[in-house]
């Protein structure tokens, strides 16, 4: 059942599903399966495998709950073959919950109280709809110390009928589905004074099935902040007609032709209306709001994850000495200089901004640092006093070869106050640590950003309103994917980087660093087996993702897995090469008969392709193909912008309704989804642009009062 569901949902073959389940159950990580088991899975990528793993866990949890529900209902003596079949065929937890609802232990409800008073038989008589005398007459026999009047008896019976209708899984499912496809979500203003950010939703309505994810999240936040009230509406009359058709007896096969029993029909209709308004409608509204929120969160998390992936994959600025500049007013601007390897050479504190405004002194200090350390680039954080700092930097570098760039410092302050920063720079102030972080995230974004909670990197939307567990799992998965895709240098990688390598957790990462500190640099991959608590399984999972610069064994600086070393040597030998030729121009590996070689060496085609690719360019960094950061020498402000101006910028964030582009004026401009491409429907901005991409844009509008810039990529 689970395998068949995964086949259908992910469009996979039966053999692929079985193989992947076995690989996961054997303790293999997703990065390992994606890279080193392509021949086993049919080259399933990381994204598909993560979806597979997530759905496998959900479906297994669903199956476990089905068995528990079946066991519980059987213990109650209420399980029959039809119900068991329906439970086993339930495809979601919601559907399973609908089937289990009538048998769940309930808190004291109006219906349970009525049953305790002995009114269940009266309810059954009314629902039977075969009485020929007034129900009031029948109800007389139910008067007792607890039931004082016939009206009270009938009301109790109605409460039971209402709950019976509410507990009907078919009714619930049909009404939920009908409300989703025909209903609307409506919002009304509650307090205009709280925030004008949500004025769109002061008097607003939209079809549930069409509302985009970002509007659901905006409504949720506005409601949470007390600005609006939101509710789901639908055609109540149609719902009541449906419930009547299926609750009242029919006298023919025509659904609308209902037998009218003058004694019971009015009571049942009242019960139906009560059941819907008091029990079903509020529950369906909660369920649909939860469903809409979950889907909106899933989409936003997906966008967040893709944005994060692109940020982490941004091209490093290699071979440069960088000055990191953490801007501020009262406390001064903190500076840190790092060399080409990221080592901190010096730090400084200057006061070029208000209130001290020691501009001349600051300019002299920075120019001296530029001369002393041969600084190539100044990286300015985009926080408070960034604009003022940029103007001073432009003065400082005038007439030199030095360039500058504004760096997104989101999360730098979080890092600078962390235990990790304290371990790295115990003698530095938080400001100095922040300056180092700003410089390093330009030099090697991945190595620095893995030290920060992904939620603090600033490439999402409404991240604080989402399911934090799901968000964390998704973003951690992205970090893991990118770290393993890029690979790490075993001798220089920080604990933070190693922590995300396939198979390596926090403890093992710490043990690797400790081993390195005590024994010096690793000279080969096999040495990892000497690390405390790093066994053969962990070695298998991580070995291909860690590289060693200038190793004892040439293949240890490639992504070729040690399990393929023998095959690689045989391949080279068959082509009259040796390990000394790896990475050299002597190695000619184009136009090979892969099918023949695969059979000869008894190795899968996909594994063979990866080996050949790595032999051509060992240790290649996939980030080399990404756009390089735009370095600047002159200052541009929002006041300098003119409508129609064509500029180049960097995509900084992507949301459902467009992309925010940094054009170097301290305020990102919005390219609305309608302005991304001409004469083409765009389902989502991610289909057109990616974070970190360099794009040409045209200025459409500049709102100085609200500090907003409208851009277009249609030029």
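All of the numbers you see were taken from the coordinates with simple rules; none came from a lab. All values reported here derive from a predicted model rather than from experimental measurement. Cβ atoms come from the backbone with ideal geometry, glycine included; neighbour counts cover every protein chain shown.
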Worksheet item: How do 211, 165 rank when sorted from fewest to most other Cβ atoms within 10 Å of their own Cβ?
Response: 211, 165
Practice prompt. For the chain, find the longest principal axis of its Cα atoms and tell me its angle to the long axis of helix 46-75, 0 to 90°, nearest 10.
Written response: 30
Worksheet, complete the sentence: The extension gain from residue 708 to residue 149, computed as 0.36 nm times the residue separation minus the Cα-Cα distance, is 194.3 nm
Practice prompt. Find the Cα radius of gyration of the range 584-635, compare it with 2.2 N^0.38 Å by division, and give the number to two decimals.
Written response: 1.80
Item to complete: Determine the percent antiparallel among the DSSP beta bridges restricted to the range 322-498, to the nearest 5.
Response: 55
Item to complete: Go ahead and run the numbers for FRET between residue 519 and residue 419, Cβ-Cβ distance against an R0 of 22 Å, rounding to 0.05.
Response: 0.30
Practice prompt. Restricting to the chain, compute how many DSSP beta bridges are antiparallel as a %, nearest 5.
Written response: 75
Fill in: residue 25-residue 510 pseudo-label distance in nm [points 7 Å out on the Cα-to-Cβ vector]
3.4
Discussion item. I'd like the FRET efficiency for residue 196 and residue 639, computed as 1/(1 + (r/R0)^6) with the beta carbon distance as r and R0 of 30 Å, rounded to 0.05.
Written reply: 0.75
Discussion item. Can you give me the angle between helix 430-443 and the longest principal axis of the chain, using Cα atoms only, in degrees from 0 to 90, rounded to the nearest 10?
Written reply: 80
Fill in: the chain, relative contact order [Cα under 8 Å, separation at least 6], %
10
Worksheet item: Fewest first, what order do 221, 210, 229, 172 take by the number of other Cβ atoms within 10 Å?
Response: 210, 229, 221, 172
Worksheet item: Sorted by packing (mean other beta-carbon atoms within 10 Å per residue), highest first, where do 128-137, 521-530, 619-628 land?
Response: 521-530, 619-628, 128-137
Worksheet entry | Degrees between helix 468-486 axis and first principal axis of the chain (Cα, 0 to 90, nearest 10) | 30
Item to complete: With r as the distance between the Cβ atoms of residue 104 and residue 132 and R0 = 35 Å, compute the FRET efficiency 1/(1 + (r/R0)^6) and round to 0.05.
Response: 0.45
Discussion item. For the range 25-51 and the range 477-550, what is the centre-to-centre distance using only Cα atoms, to the nearest Å?
Written reply: 20
Practice prompt. Report Rg (one decimal) and Dmax (nearest whole number) for the range 638-712, counting Cα atoms only, units Å.
Written response: 11.5, 33
Worksheet item: Which shape class, rounded, prolate or oblate, goes with the range 57-201 when its Cα gyration tensor gives a ≥ b ≥ c as root eigenvalues, a/c under 1.5 marks rounded, and past that a/b bigger than b/c marks prolate?
Response: oblate
Discussion item. Suppose the chain between residue 657 and residue 65 were pulled fully straight at 0.36 nm per residue; how much longer would it get relative to their current alpha carbon spacing?
Written reply: 209.2 nm
Worksheet item: Quick one: Cα centre-to-centre distance for the range 685-715 and the range 348-406, in angstrom?
Response: 28
Discussion item. Just to be sure I understand the model, the point goes 7 Å from the Cα along the line to the Cβ. What's the resulting residue 177 to residue 373 distance in nm?
Written reply: 6.6
Discussion item. Taking only Cα atoms of the range 112-304, what ratio of Rg to Rh do you get with Rh as the Kirkwood inverse-distance radius?
Written reply: 1.11
Discussion item. Suppose only helical runs count, i.e. DSSP H with n ≥ 4. What mean residue ellipticity at 222 nm does that imply for the chain under -39500 (n - 2.57) per run, divided by all residues and rounded to the nearest 500 deg cm²/dmol?
Written reply: -14000 deg cm²/dmol
Worksheet item: What percent do you get for the relative contact order of the range 2-103 when only Cα pairs under 8 Å and 6+ apart count?
Response: 21
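Express the relative contact order of the range 638-712 as a whole percentage, based on alpha carbon pairs under 8 Å and six or more residues apart in sequence.
On the way: 157 pairs, mean separation 28.3, N = 75.
Once normalised by length, the contact order is 38 percent.
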Worksheet item: Fully extended, how many nm does the chain gain between residue 584 and residue 429 (0.36 nm per residue separation, minus their Cα-Cα distance)?
Response: 51.2 nm
Item to complete: Arrange the following residues from fewest to most other Cβ atoms within 10 Å of their Cβ: 299, 277.
Response: 277, 299
